[in-house]
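Participant: Supplied in structure tokens, the structure appears directly below.
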Amino acid sequence: MMAHPLFRPRRLREKALVRKLVRETTLAADDLIYPAFVVDGRAVREPIGSMPGQFHLSIDELVKEAKDIAGMGIPGLLLFGLPAEKDPRGSEAWADDGIVQRAVRAVKDTVPDLLVITDVCLCEYTSHGHCGVVEDGTVKNDPTLELLARVAVSHVEAGADLVAPSDMMDGRVAAIREALDDANYAETPIMAYSAKYASVFYGPFREAADSAPQFGDRRGYQMDPANAVEALREIALDVDEGADIVMVKPALPYLDVISRAKAEFGLPLAAYSVSGEYAMIKAAGRLGWLDEERAMMETMISIRRAGADIVITYFARDIARLLEQNRHLR
Ligand code: PBG
């Protein structure tokens, strides 16, 4: 007869240092990318209502932020631009003096050891708010590819270290890869938003980036939240087309997709913990319904545990600060 269980898992749980020793998943500033929204003007630091703690930054303020982030050991910034003018084709998206192109130059000039990643899409720049060329009330795939390729090349010309297409047009990774290679940027990696779902959790971002579609929705090009097998197919296509890093987005409602993608491909995998995921934790924290810090850390470790190598999150600064203080061990 056994007086006690053979294995007592609690032996490894009692002391914080033992827990640390046997912990399976880690989270470090090294794993994080911080998204930022850049606008025209000077000394602009305008709070974004639906994303407490996030701001619209003019280029001078963005540069300060970039220095801070690099100092915290966060490897990269993901840049989104809000143009002064929008038009049906979104032409500021590839303008040499566009908001993102100027921002990239400024950051690379002053903080050279921070990666600048650019979101390649048209929705912030088009008057109709869709991610591609609109004809007869629908978003046309193939005419959009050439514009996206132009956007990507213009970002890399300005100094972007990586480009991240988020539009979900078919064939855009191949189009961008070819255009970059032709422009002599064969060394520049593509981080593809491969499995990007048509998600309600982008709501706060669309306010922040002023990119809500003016008619219809994005379900004609972004993925159906019900599908996981299709996500693997999307990722396989992007890998074939030359993606170097693939992404699942959003993160928390799609942990199963992250897990399957990591198991299946073994490629560097990013997960984008989107604006709505951030807003939920912030809101519950403000109401006193959740401990915001702990909710943030548990969420982030879950995304890493599911298999994400890289986590794109608006919490990046808070996480880096907390890790620095080692308070997560308490
Ligand atoms: C642009 C883009 C979006 C996000 C990243 N790139 C919005 C969208 O597709 O509507 C969402 C990011 C977030 O919610 O944090 N296509």
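Participant: Can you tell me how many residues within the range 35-53 are under 18 Å from Thr118 (Cα atoms) and open to solvent by 10 Å² or more (accessible area, probe 1.4 Å)?
Facilitator: Narrowing the range 35-53 to residues under 18 Å from Thr118 (Cα atoms): 35-40.
Filter again for open to solvent by 10 Å² or more (accessible area, probe 1.4 Å), leaving 39-40.
Residues that pass the stated criteria total 2.
Participant: Farther than 23 Å from Phe55 by Cβ and small (Gly, Ala, Ser), is that true of Gly288?
Facilitator: On the way: farther than 23 Å from Phe55 by Cβ: yes; small (Gly, Ala, Ser): yes.
When the stated conditions are applied, Gly288 passes them.
Participant: Take the residues in the range 190-223 that are among the aromatic types (Phe, Trp, Tyr) and farther than 17 Å from Ala164 by Cβ, then tell me which one is least open to solvent (accessible area, probe 1.4 Å). If you could, list the steps in order and put the result at the bottom.
Facilitator: Narrowing the range 190-223 to residues among the aromatic types (Phe, Trp, Tyr): 193, 197, 201-202, 205, 215, 221.
Right, trim to farther than 17 Å from Ala164 by Cβ and you get 201, 215.
Details: Phe201: 58, Phe215: 82 Å².
Selected residue: Phe201.
Participant: While we're looking at this one, here's another question. Going through the range 12-29 one residue at a time, which ones are hydroxyl-bearing (Ser, Thr, Tyr) and open to solvent by 70 Å² or more (accessible area, probe 1.4 Å)? Spell out the reasoning first.
Facilitator: Going through the range 12-29, the residues hydroxyl-bearing (Ser, Thr, Tyr) turn out to be 25-26.
Passing the criteria: only Thr26.
Participant: Also, I was wondering about something else. Kindly provide the set of residues from the range 163-174 that are buried (at least 22 other Cβ atoms within 10 Å of the Cβ) and either of a type in the set (Val, Ile, Thr) or assigned to a helix (DSSP H, G or I) (or both), ordered by number.
Facilitator: Once the filter is applied, which keeps residues that are buried (at least 22 other Cβ atoms within 10 Å of the Cβ) and either of a type in the set (Val, Ile, Thr) or assigned to a helix (DSSP H, G or I) (or both), the range 163-174 yields Val163, Arg172, Val173.
Participant: Ala271 fails exactly one of the following numbered conditions: (1) within 16 Å of the ligand (Cβ to nearest atom); (2) open to solvent by 20 Å² or more (accessible area, probe 1.4 Å); (3) within 17 Å of Ile312 (Cα to Cα). What is the number of that condition?
Facilitator: Among (1) within 16 Å of the ligand (Cβ to nearest atom); (2) open to solvent by 20 Å² or more (accessible area, probe 1.4 Å); (3) within 17 Å of Ile312 (Cα to Cα), the lone unmet condition for Ala271 is (2).
Participant: Specify the residue that is farthest from the ligand (Cβ to nearest atom); the eligible residues are those in the range 188-218 that are assigned to a helix (DSSP H, G or I) and under 23 Å from Ser58 (Cβ atoms).
Facilitator: Filtering the range 188-218 for residues assigned to a helix (DSSP H, G or I) gives 200-209.
Okay, now just the ones that are also under 23 Å from Ser58 (Cβ atoms), so 204-209.
On the way: Pro204: 7, Phe205: 3, Arg206: 6, Glu207: 10, Ala208: 8, Ala209: 7 Å.
It comes out as Glu207.
Participant: Given (1) crowded, with 19+ Cβ neighbours inside 10 Å; (2) farther than 30 Å from Val134 by Cα; (3) of a type in the set (Asp, Glu), where does Glu92 come up short, assuming only one miss?
Facilitator: For Glu92, the failing item is (2).
Participant: Now for a separate question. Which residues, counting only those in the range 219-236, are hydrophobic (A, V, I, L, M, F, W, C), touching a residue at least 12 places away in the same chain (Cβ under 8 Å) and either assigned to a helix (DSSP H, G or I) or farther than 27 Å from Pro88 by Cβ (or both)? Explain how you work it out, then say what you get.
Facilitator: Applying the first criterion (hydrophobic (A, V, I, L, M, F, W, C)) to the range 219-236 yields 223, 226, 228-229, 231-232, 235-236.
Still in the list and also touching a residue at least 12 places away in the same chain (Cβ under 8 Å): 223, 228, 231-232, 235-236.
Residues satisfying the conditions are Ala228, Ala231, Leu232, Ile235, Ala236.
Participant: Sticking with this structure for a sec: It is to be established whether one or more residues within the range 130-152 are assigned to a loop (DSSP other than H, G, I, E, B), open to solvent by 10 Å² or more (accessible area, probe 1.4 Å), at negative phi and modelled with pLDDT of 95 or more.
Facilitator: Let us first name the residues in the range 130-152 that are assigned to a loop (DSSP other than H, G, I, E, B), namely 130-132, 136-137.
Pick out the ones that are also open to solvent by 10 Å² or more (accessible area, probe 1.4 Å) and you get 136-137.
Still in the list and also at negative phi: none.
Among the residues of the range 130-152, not one is assigned to a loop (DSSP other than H, G, I, E, B), open to solvent by 10 Å² or more (accessible area, probe 1.4 Å), at negative phi and modelled with pLDDT of 95 or more, which makes the answer no.
Participant: Also: Six or more apart or on different chains, Cβ atoms under 6 Å: show the pairs whose first residue is in the range 300-319 and farther than 15 Å from Pro268 by Cβ and whose second is open to solvent by 20 Å² or more (accessible area, probe 1.4 Å) and at pLDDT 95 or above.
Facilitator: Close Cβ pairs satisfying both conditions: Met300/Leu27; Ile301/Thr25; Ile301/Leu27; Arg305/Thr25.
The values are calculated or read from the model by the stated rules, or taken from the named source; none is laboratory data. Please read all numbers here as calculations on a predicted model, not as lab measurements. Note: ideal-geometry Cβ built from the backbone for every residue, glycine included; neighbour counts use all protein chains shown. Just so you know, the surface numbers come from the protein's heavy atoms only, side chains and all, with ligands and any DNA or RNA stripped out. Shrake-Rupley method; radii C 1.70, N 1.55, O 1.52, S 1.80 Å.
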